[in-house]
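Below: one structure, written as structure tokens.
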Amino acid sequence: MENNKTFMVVVLLSIFMAGSQTKGNQDTASHQNKDSAIKQMTVFKEQTFIPGNNAILQCGNATDINWSELIYIVWNISLQGRKCWLGLSPKLDGTCNDGKRLYNTSDGVSLVIPKISIEDEGFYSCDASYKAGSYAVNVSVSVPQLSTQLVSENSQKIAVCNATYKKTAPTLHWEPALNFSFNISSVQNTVENRVYLPDNITISELTCVATYTSESGSVQHKSTLHLEQKTTFCLRMKEETPTKR
């Protein structure tokens, strides 16, 4: 009889311990799933835009957010020396007065930056709330600058291309392709390509192409250098300079 009681106690303890372990595993899995869901709700991006183009920033898409259940969406914008925000809700207005606007479609709400310039470079943070939860995206926006010029050193003509960058240096090349000697250097977020031109060069212009790569893809920025116009300008200036008597 005693052996039967002991056997029953052992069986009950085993069942209890197995149930406790299963519940503990379920709680751990549930906690891990919640942590995973929270991480997926905040997205960090880096995007590069060419000056003069209209830039569009997305705050999620149809798979991230149920836009039919949207409660509000707010873009907080932090630029050099100034901050503003734009919101979409019956009770939200906005403080950005520089042309930025929200564009509402069936696929979501986007932020439009018309003719983006260096003044628009900064951090853009979007917070969206809907019935099933919330979504946030933080975008670091860079607007690189590109310039070309023709210089002369010791009677040697040199085509110079300068490109700025925020994090990753762009690759530079000239069009049309040249077989002349060149030098590439990078100092303080600026990369420079110098091509040494011969005196008998026959082409009238060169185009420097800067290719920027980021998580959102690659973009190209171009700047054209007019060789004949630059040379003619220098000659005219020399002819028009009065001589001393």
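The values are calculated or read from the model by the stated rules, or taken from the named source; none is laboratory data. Everything numeric in this text was worked out from a predicted model, so none of it was measured. As a convention, Cβ positions derive from the backbone with ideal geometry for all residues, glycine included, and neighbour counts pool all protein chains shown. Ligands, DNA and RNA are excluded from the accessible area calculation, which covers all protein heavy atoms including side chains. Shrake-Rupley method; radii C 1.70, N 1.55, O 1.52, S 1.80 Å.
Which residue is surrounded by the most Cβ atoms within 10 Å (Cβ to Cβ), if the candidates are limited to the stretch 210-221 and must be assigned to a strand (DSSP E or B) and under 14 Å from the mean Cα position of the chain (by Cα)?
The extreme case among them is Tyr212.
I want to confirm something. Restricting to the stretch 103-126 and keeping residues that are in a strand (DSSP E or B) and at pLDDT below 90, which single residue is most open to solvent (accessible area, probe 1.4 Å)? Only one residue tops the list, namely Tyr103.
Among the residues making up the stretch 195-209, a single one is farther than 11 Å from Glu228 by Cβ, modelled with pLDDT of 90 or more and surrounded by fewer than 14 Cβ atoms within 10 Å (Cβ to Cβ): Pro198.
Among the listed residues Ile73, Ile50, identify the single one that is over 25 Å from Thr168 (Cβ atoms) and modelled with pLDDT of 80 or more. Answer to the selection: Ile73.
In the stretch 112-133, how many residues are free of Cβ contacts under 8 Å to residues at least 60 places away in the same chain and either in contact with a Cys (Cβ under 7 Å, 6 or more places away or on another chain) or aromatic (Phe, Trp, Tyr) (or both)? Looking only at that region, the number is 1. A Cβ distance below 7 Å, combined with a sequence gap of six or more or placement on separate chains, defines the contacts here; from the stretch 91-104, residues that are more than 18 Å from Gly60 (Cα to Cα) and β-branched (Val, Ile, Thr) reach residues that are open to solvent by 50 Å² or more (accessible area, probe 1.4 Å) and part of a strand (DSSP E or B) in the pairs Thr95/Trp85. Only a single item in (1) at pLDDT below 85; (2) not in a helix (DSSP H, G or I) is not met by His31, and it is number (2). What number of residues within the stretch 149-178 satisfy the criterion of being more than 20 Å from Gln80 (Cβ to Cβ), open to solvent by less than 30 Å² (accessible area, probe 1.4 Å) and in a strand (DSSP E or B)? Qualifying residue count, the stretch 149-178: 6.
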